[in-house]
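Have a look at the structure below before the remarks.
The values are calculated or read from the model by the stated rules, or taken from the named source; none is laboratory data. It should be emphasised that the depicted structure is a prediction, and the values quoted were computed from it without experimental measurement. Cβ atoms come from the backbone with ideal geometry, glycine included; neighbour counts cover every protein chain shown. All accessible areas refer to the heavy atoms of the entire protein, side chains included, with ligands and DNA or RNA removed. Shrake-Rupley method; radii C 1.70, N 1.55, O 1.52, S 1.80 Å.
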Amino acid sequence: MDDKIFDQIHDVDLKKTMETSYIDYAMSVIAQRALPDVRDGLKPVQRRVLYSMIELNNGPDKPHRKCARIVGDTMGKYHPHGDSSIYGALVNMAQDWSTRYPLVDGHGNFGSVDGDGAAAMRYTEARLSKISMEMLTNLDKDTVDMMRNYDDRLNEPVVLPSRFPNLLVNGSTGIAVGMATNIPPHNMREVIDGICCLIDNPDATLEDIMEHIKGPDFPTAGIIMGRAGIRAAYATGRGKVTLRARAEIVENEKNGRFKIVVTELPYQVNKARLIESIAELVKDKRIEGISDINDYSSDRAGMRMEIDLKRDANPQVILNQLYSYTQLQISYGIIQLAIVDGEPKILTLKQILEKYIDFQKEVIIRRTKFDLKKALEREHILEGLARAIDIVDEIIATIRACKGGQAEAKAAIMEKFDFDDVQ
């Protein structure tokens, strides 16, 4: 047997090899997959989808494009992972019950609040929403750093310019290795008012900021019970809030019976499973007094779920039981974890706002330098043009005197009239 084969075998410490490999994998998941960047609030797959769409000229003023084309471009150029994960990210950015301000304008079946999945990407179409253009504005003006893609053929942005604070506005959810993030969405107007407050007064306290940013603003609405959990989350980066459905007890004037009408659900609660769980509780007789459950929700009428009660039932008692036993009331854990300078960090509300303001200063400075450079280049050319107009007859005579063609004429003009190559 050839001795060279044995020369290629090396003894390794399995424990060290496993530790090294696992740490490399963990850091890859943390920094390049599961957690958002504090500057633009996007995970890499979301950023790459949006960048691929702008490269396809798939803006809000253009027709919708097949999602399969968008996913294919993203996967082939920037994100060499499974198409289902890329399409999942695209769908999530188009669902108005998942994303407070959708970054993608979807056309077709993109799922439902009942937990129905989106149609296959060959059937659905999408384009950038109007607000997502603010994420990408001035990308061509050297506002952010670019890096090489996975096969070193193309450039892609490290982060998007993000002219609004997307991390707080749309929130983020992700599970990495040994850590997780769960940032709730907020109202755009409130967050921007909070940023203006911090710009005007860099020493503003949390109380000053919370005068503007009252708390999370979920796309499915609902009621947040108490403010202690919100303040804890904003002050430390971790907190827990109780989120309750908006329910009203209504009396039927004809038969005197009561019903509970639910018009808003807690964030990320599956309505179909909620109805099933209520039915199971009635069947097991853990809750007595419910005669029927009807779902009248529609795109036109919005959310409306009616729980009919028996004649002798106490509606307030049953409503309290529903809050206790079902997802009509949930605990929403807030963990404000994001990538800061390549490392995961738990951030307070003020720190998130400060990081965003610092980033926007950098974007504006880089954009201004780019515009200044272009303006100076244009000024230089116009200076040459102004000089040329004054001596146009001499220039024409010089050109006619050159018999060696364009290159000779150019060299003669540069030498005789002191023009440079650009002019």
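Give me the residue from segment 215-229 that is open to solvent by less than 50 Å² (accessible area, probe 1.4 Å) and outside any loop (DSSP other than H, G, I, E, B) and, out of that set, farthest from residue 267 (Cα to Cα).
229
Sort out which residues of segment 67-115 are under 17 Å from residue 219 (Cα atoms), open to solvent by less than 30 Å² (accessible area, probe 1.4 Å) and of a type in the set (Val, Ile, Thr), and write them in order of number.
91, 99, 104
Which members of segment 131-177 meet the condition of being assigned to a helix (DSSP H, G or I) and either within 17 Å of residue 340 (Cβ to Cβ) or among the small types (Gly, Ala, Ser) (or both)?
166, 167, 168, listed by residue number.
Looking at segment 384-401, is at least one residue in contact (Cβ under 8 Å) with a residue 40 or more places away in the chain and within 51 Å of the chain's Cα centre (by Cα)?
First, pick out the residues of segment 384-401 that are in contact (Cβ under 8 Å) with a residue 40 or more places away in the chain: none.
No, that holds for no residue.
Looking at segment 207-214, is at least one residue exposed (fewer than 14 other Cβ atoms within 10 Å of the Cβ) and either assigned to a helix (DSSP H, G or I) or among the basic types (Lys, Arg) (or both)?
Looking for residues that are exposed (fewer than 14 other Cβ atoms within 10 Å of the Cβ) and either assigned to a helix (DSSP H, G or I) or among the basic types (Lys, Arg) (or both), one finds at least one in segment 207-214, hence yes.
Looking at 255, 201, 155, which is the one that is open to solvent by 50 Å² or more (accessible area, probe 1.4 Å) and at pLDDT below 95?
Step by step, each of 255, 201, 155 is checked, and only 255 is open to solvent by 50 Å² or more (accessible area, probe 1.4 Å) and at pLDDT below 95.
Residues of segment 177-198 being without any contact (Cβ under 8 Å) to a residue 24 or more places away in the chain and open to solvent by less than 40 Å² (accessible area, probe 1.4 Å), which ones? Steps first, answer last, please.
Quick first cut of segment 177-198, residues without any contact (Cβ under 8 Å) to a residue 24 or more places away in the chain only: 189, 193, 196-197.
Hit for segment 177-198 is 197, nothing else.
Of the residues that sit in segment 342-381 and are at pLDDT 95 or above and in a loop (DSSP other than H, G, I, E, B), which one is farthest from residue 40 (Cα to Cα)?
Once the filter is applied, the top-ranked residue is 348.
Just wondering, is there one or more residues in segment 131-140 that are open to solvent by 60 Å² or more (accessible area, probe 1.4 Å) and in contact with a strand residue (DSSP E or B) (Cβ under 8 Å, 6 or more places away or on another chain)?
No; the residues of segment 131-140 include none that is open to solvent by 60 Å² or more (accessible area, probe 1.4 Å) and in contact with a strand residue (DSSP E or B) (Cβ under 8 Å, 6 or more places away or on another chain).
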